Structures are given as C-alpha cells and as structure tokens.
C-alpha cells in the first residue's frame, strides 16, 4: 500500500494542486502556543493558519482528507476541537502532549466526530508510550522529529532515526495495529540523506505516512502556479515510482540502506555540530 503523503498549506490554489497530484492529507496548522519558544531559533514556519482556513478548504477537498493540528493540551482544547470539527476537519491532530491523561482528554473531546492523530514529540510521551497506547480510539500517530530532537539536545532531527528511537517507537505502535509515520521528506534525489533513502527507511519500519516538507515544495517561493503544479506532479510521481521499486526489494537491500542512512545521519550531525561550534567561537571573539 502506498504511503500517505501529507502537505501543510492553507492556500486554496495550492491545496487543489496538491490534491490533484495525489497528496492524501492537506494539513492546516493552528498550533501557536509555545512553538516560537521551542523552535524560534530554527528555520521553521510559525503558523498563521486559522479556523476560517478549515472552512475554506473543506469544500474543495473531494479526494484528500483535511487534517487540522490544534494547540498542545490546555484549558481551551475542547473549544478548539469543537471549532475545527464544526469547520470540517476530517482528522484532528494533538501536538506536544506528555501524558496518558492528556491523550484520554483529547480523545474524549473529539468523541468520535473525526479521526484522531497524535503528534508524538516530547520525551515524556516517549517515556509514557506504553500506557498511552492503551488509550482507545487513537486512529494514527506521527512521530515528530523536530521538537523531539531539540529536547534531546541533538543537532539533526534524523539522529533519532540513527540512534534507534524511531525504530523502537514504530515497533511499539505497530504492535497495537495503529498506523504511524515519522518526520518529513524532500523531493527524490535531494538532501542528505537523500529522500529515496529516507523513504526506504519508512518501508523498512512499516511507516504509512510522511509529511512533504518545505524542501519538497515551498509554495510561498513561487508566484507561478504552473511551477507549483510541476513540482507536485513530478515529485509525487517520483515518490510513487520509488515506492514501486521498494515493494520488490529484499531484506539485504533494506539492511544496506539502513547502514547507509545511519552513516549519512552521523556525518551530517557531526558537520552541523562543528558549524555550530565555529559560529559560537566567532561570536565570542
């Protein structure tokens, strides 16, 4: 089965293009609470999405489903969940939770009115994963590498793939028959480790979803919709072609790819750490 592709946008034209190219979930991001404090020093997008965007996108999505990320657990979670479901969310995502109780409260807020997706991205949630996985009505879990690698003081988000954290979580989640995914992905042939090698790791680990990152398509950089359409059409076709090859790959291929990916992750992390130290030294002069 093809991996679910997820793309973050509140732009109606871009959402239409993504849907037409075969993106499975269009992602509206309402999370703002605490995010700037956690990720403000990184080159990450701070959301300007709104509930109104959910209302606007819902009517145009005939094939893709609409995923909406609310804020981390707080006293306004019930109101937020009610609003996004009323606006048309097919799937509601809870980020930055830490405890079983927070997950239970979220599931109760949704109350079967939409699908639920947990964004597993805190060390506390990792520590509590066994009890969290006993909560009924969790429809999917995405392992968020940005916040989780920051919490561990790492320099590269895929270090969590190299140190076995992602694999251990995948095994636990998979044992509960809950669909899961992790991280983001660029276009095939790009970045280090290259996207096709990361995709092979998804297949080895039984992942069924991945977020298409800004490296795949940063739509804000393009004024010409034809360019965006070309990126999506070509990019998604290359992913699907790569998947077709992976479905026939043997165990030795995946073992070799795993070794290669881990070596590249260690090299990239080492380079980033070295660069950070050099930057710090220059600032101290």
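The values are calculated or read from the model by the stated rules, or taken from the named source; none is laboratory data. Treat the numbers as computed from the prediction; the structure is a model and nothing was measured. No Cβ is skipped: glycine too gets one built from the backbone with ideal geometry, and neighbour counts run over all protein chains shown.
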For this session: Assess whether residue 63 counts as being at pLDDT 95 or above, assigned to a loop (DSSP other than H, G, I, E, B) and over 15 Å from the mean Cα position of the chain (by Cα).
Result: yes
Problem set entry | Verdict on residue 273 being at pLDDT below 95, assigned to a helix (DSSP H, G or I) and under 21 Å from residue 145 (Cβ atoms) | yes
For this session: Kindly check whether there is at least one residue in the stretch 1-11 that is part of a helix (DSSP H, G or I) and touching a residue at least 24 places away in the same chain (Cβ under 8 Å).
Result: no
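Looking at the stretch 19-35 only, could you name the residues that are assigned to a helix (DSSP H, G or I) and either within 20 Å of residue 115 (Cα to Cα) or in contact with a helix residue (DSSP H, G or I) (Cβ under 6 Å, 6 or more places away or on another chain) (or both)?
Selection gives 19, 21.
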Exercise. Any chance the stretch 198-209 includes a residue that's in a strand (DSSP E or B) and either in contact with a helix residue (DSSP H, G or I) (Cβ under 7 Å, 6 or more places away or on another chain) or closer than 25 Å to residue 147 by Cβ (or both)?
Worked result: yes
For this session: Residue by residue through the stretch 74-88, note down the ones that are farther than 14 Å from residue 107 by Cα, without any contact (Cβ under 8 Å) to a residue 40 or more places away in the chain and surrounded by 12 or more Cβ atoms within 10 Å (Cβ to Cβ).
Result: 76, 83, 86, 87, 88
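Rundown of residues vs (1) in contact with a helix residue (DSSP H, G or I) (Cβ under 7 Å, 6 or more places away or on another chain); (2) crowded, with 18+ Cβ neighbours inside 10 Å, yes/no style:
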{"site": "212", "(1), (2)": "no, yes"}
{"site": "217", "(1), (2)": "yes, yes"}
{"site": "221", "(1), (2)": "no, no"}
{"site": "227", "(1), (2)": "no, no"}
{"site": "233", "(1), (2)": "yes, no"}
{"site": "245", "(1), (2)": "no, no"}
{"site": "253", "(1), (2)": "no, no"}
Exercise. Restricting the search to the stretch 135-159, which residues are more than 14 Å from the chain's Cα centre (by Cα) and either surrounded by 20 or more Cβ atoms within 10 Å (Cβ to Cβ) or in contact (Cβ under 8 Å) with a residue 40 or more places away in the chain (or both)?
Worked result: 138, 139, 150, 154, 155, 156, 159
